[in-house]
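**Q** Sharing a structure, written as structure tokens. Questions coming.
The values are calculated or read from the model by the stated rules, or taken from the named source; none is laboratory data. Keep in mind it's a predicted model, so treat the numbers as computed, not measured. Glycine also receives a Cβ, built like all others from the backbone with ideal geometry; neighbour counts cover every protein chain displayed. These accessible areas exclude ligands, DNA and RNA; they are computed on the full protein's heavy atoms, side chains included. Shrake-Rupley method; radii C 1.70, N 1.55, O 1.52, S 1.80 Å.
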Amino acid sequence: MARLPLCVIGGGSIGMRHVEVAQTSDKVDLTCIVEPSDARRAELAQMGLTAVATIEDAPAATCAAISATPTQLHHDSALQILDRGWAGIIEKPLTATVGEAKALAEVAGDKPLFCGHHRRCHPFSIAAREALRQIGDLIGVQTLWSLRKHDTYYDTPWRTQPGAGVLMTNVSHELDLLRFLIGEIDEVSALTSNARRGMVIEDTAALSLRFGNGALGSVLMSDAGASPWAFEAASAENPAIAASGEDYLRIIGTQGALAFPSLTRWGRSDGGEIEWSKPLTRHAPQAFDKIDPLLAQIDRFADVVAGGQDDILCTLADGAAALELTLAAVLSGRDGHPVKRGDVPDDFRGA
């Protein structure tokens with residue numbers, strides 16, 4: 001299969017991770033990096049990389065792009081990709097507002113445009129959906145994400161401004177993964193606190209979720225509390241975050257329970273009714289090869305552009321849903337009441 005000629009839009013830290021995997025993949029050819037900053041383009045050139053100022057300057061062979069621009073530019077960047085007839089991945093969040101996501105969907109139609117929620121691409125995430133079939137009808141899920149960000153993290157001014165709290169920065173990852181595993185989320189309630197860091201932004205949030213299938217969920221998020229429980233710590237996918245190997249998510253069904261990401265499962269111990277007087281049988285964790293999920297994502301993307309089918313990548317509709325739920329959590333925390341899917345104003349930006 002011919003390699004997919006692809007450019008990366010944005011030469012910042014996230015963009016460079018995509019550059020890294022594009023150079024590693026045997027399904028992609030990196031044609032250039034689109035970077036508007038003259039100084040940054042010079043730095044990229046010194047690294048031996050081809051950098052251009054605008055998407056129009058990309059080599060003619062280019063037919064796909066990954067957009068890793070600042071969030072406020074995601075909508076315009078996606079439109080530029082579509083205008084050139086390219087396929088694309090837009091980094092999360094998909095856009096800055098629900099209204100932008102709706103407008104983008106209208107333009108995109110059925111073109112191959114995806115959102116970069118890469119956690120779906122881990123083998124344990126994919127296997128979890130099958131494992132959930134073994135625990136009966138879903139009752140609820142409990143998510144605990146707490147990683148203490150270092151104090152100097154907040155030396156960057158924008159990280160202390162409204163909209164940069166743990167909800168807008170981190171919770172969309174959890175909400176997309178929960179949708180991927182369990183299904184649509186219809187309603188969000190949130191409590192927030194800034195008591196530990198004392199900034200204008202929240203450092204801790206507690207969410208209650210109502211799923212379309214009747215299950216309930218809770219999510220506790222904090223960037224002020226030190227713990228071993230978080231996706232990044234459990235999966236060791238990010239070298240900048242210490243690994244713990246501890247499960248951080250628990251899913252309960254009528255026939256058992258599942259811990260994630262180890263996929264340790266508890267189920268029936270005999271042929272009778274499962275009830276509280278009987279111990280559950282523990283099934284050992286599954287072993288999975290460690291992968292780079294961004295590499296898996298770009299390989300899956302290349303396969304789709306070549307005509308393949310994929311039910312793992314985050315579609316535009318999935319990306320828009322994760323964005324809307326994130327904004328719903330912020331809105332609920334601000335106004336003190338539950339927010340249902342469809343009730344987030346089109347122009348709300350989370351601040």
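**Q** Hey, any idea what % of the range 214-322's accessible area is carbon plus sulfur with a 1.4 Å probe?
**A** Of the solvent-accessible surface of the range 214-322, carbon and sulfur hold 55 percent.
**Q** For the range 152-213, compute Rh as the Kirkwood radius over C-alpha pairs and then the Stokes-Einstein diffusion coefficient at 20 °C and 1.002 mPa s; write the answer in µm²/s, rounded to an integer.
**A** 166 µm²/s
**Q** Quick check of the Kirkwood formula: for the chain, what is the inverse mean of 1/r over all pairs of different Cα atoms, in Å?
**A** 21.3 Å
**Q** Could you run the Karplus curve 6.51 cos²θ - 1.76 cosθ + 1.60 with θ = phi - 60° over the range 149-166 and give me ³J(HN,Hα) per residue in whole Hz, x for Gly and Pro?
**A** Calculated HN-Hα couplings, in order: 6, 5, 4, 6, 3, 8, 6, 7, x, 5, 6, 10, 8, x, x, 10, x, 5 Hz.
**Q** Which one, V107, V28, V171, has the greatest fluctuation when you compute a Gaussian network model over the chain with C-alpha springs under 10 angstrom?
**A** Residue with maximal mean-square fluctuation among V107, V28, V171: V107.
**Q** For the range 194-351, what is the convex hull (Cα atoms) projected area averaged across all directions, in square nanometres?
**A** 13.9 nm²
**Q** Can you tell me which lysines have their Cα less than 24 Å from the Cα of K290? Leave out same-chain residues fewer than eight positions away.
**A** The reachable lysines, counting only those whose Cα sits under 24 Å from K290, are K27, K92.
**Q** Ok, one more. Averaged per residue, what accessible surface does the chain expose to a 1.4 Å probe, in Å²?
**A** With all protein chains present, the chain gives 46 Å² per residue.
**Q** Bin by bin, in steps of 10 Å, what percent of the Cα pairs in the range 283-351 do you find, going until the bin that has the longest distance?
**A** Calculated P(r), rounded to whole percents: 17, 30, 21, 27, 6.
**Q** Here is a further query. Where does each of 306-318, 85-97 land if you order them by average Cβ count within 10 Å, highest first?
**A** Output ranking for 306-318, 85-97: 85-97, 306-318.
**Q** Still on this structure, I have one more. Taking Rh as the Kirkwood radius computed over C-alpha pairs, what is the Stokes-Einstein D of the range 83-137 at 10 °C in a medium of viscosity 1.306 mPa s, expressed in µm² per second?
**A** For the chosen part, D equals 116 µm²/s.
**Q** Mean-square fluctuation check for the chain, GNM, Cα pairs under 10 Å: which of L191, L323, L249 is largest?
**A** L191
**Q** Which residue, I89, L44, L323, has the largest displacement toward the positive end of the dipole of the chain when charges sit on each Cβ (Lys, Arg +1; Asp, Glu -1)?
**A** Ranked along the dipole, the leading option is L323.
**Q** Between I185 and residues 5 or more places away or on another chain, which pairs have amide H atoms under 5 Å apart, with H built 1.01 Å from N, and which residues are they?
**A** Answer set, sorted by chain and number: G212.
**Q** If a helix is a whole DSSP H run, which ones in the chain reach 20 Å or further along their own axis (Cα) and hold a mean Kyte-Doolittle hydropathy of at least 0.5?
**A** Both cut-offs are met by 316-335.
**Q** Once fully extended, how much extra length lies between A284 and D347, figured as 0.36 nm per residue of separation less the alpha-carbon to alpha-carbon distance?
**A** Gain on stretching A284 to D347: 18.0 nm.
**Q** Next up: So how much slack lies between R148 and D303, counting 0.36 nm per residue of separation and subtracting their Cα-Cα distance, in nm?
**A** Extending this stretch completely gives an extra 52.0 nm.
**Q** Continuing with this model, one more query. Count the DSSP beta bridges whose two residues both fall in the chain, then state the antiparallel fraction as a percent rounded to the nearest 5.
**A** 55 percent
**Q** Out of residues 5 or more away from E202 or on other chains, whose amide H comes under 5 Å of its own, with H placed 1.01 Å from N in the peptide plane?
**A** Under 5 Å from the amide H of E202 lie the amide H atoms of G165, V166, each far enough along the sequence or on another chain.
**Q** Let me ask you something else. Of the candidates M47, M221, M168, which one comes out as most mobile in a Gaussian network treatment of the chain with C-alpha springs shorter than 10 Å?
**A** Between M47, M221, M168, it is M47 that shows the largest mean-square fluctuation.
**Q** Taking all protein chains as present, what is the carbon and sulfur share of the accessible area of the range 1-131, in % to the nearest whole number, probe 1.4 Å?
**A** About 52 percent, which is the carbon plus sulfur part of the accessible surface.
**Q** Kindly provide the helix-only [θ] at 222 nm of the chain, computed as the sum of -39,500 (n - 2.57) over DSSP H runs of four or more divided by all residues, to the nearest 500 deg cm²/dmol?
**A** When only DSSP H runs of four or more count, the value is -8500 deg cm²/dmol.
**Q** How many nm is it between the label spots at A103 and A53, if each spot is 7 Å from the Cα in line with the beta carbon?
**A** It is 2.6 nm.
**Q** Please compute the length gained on full extension between R159 and Q46, using 0.36 nm multiplied by the number of residues separating them and subtracting their Cα-Cα distance.
**A** Result for the pair: 37.7 nm of gain on full extension.
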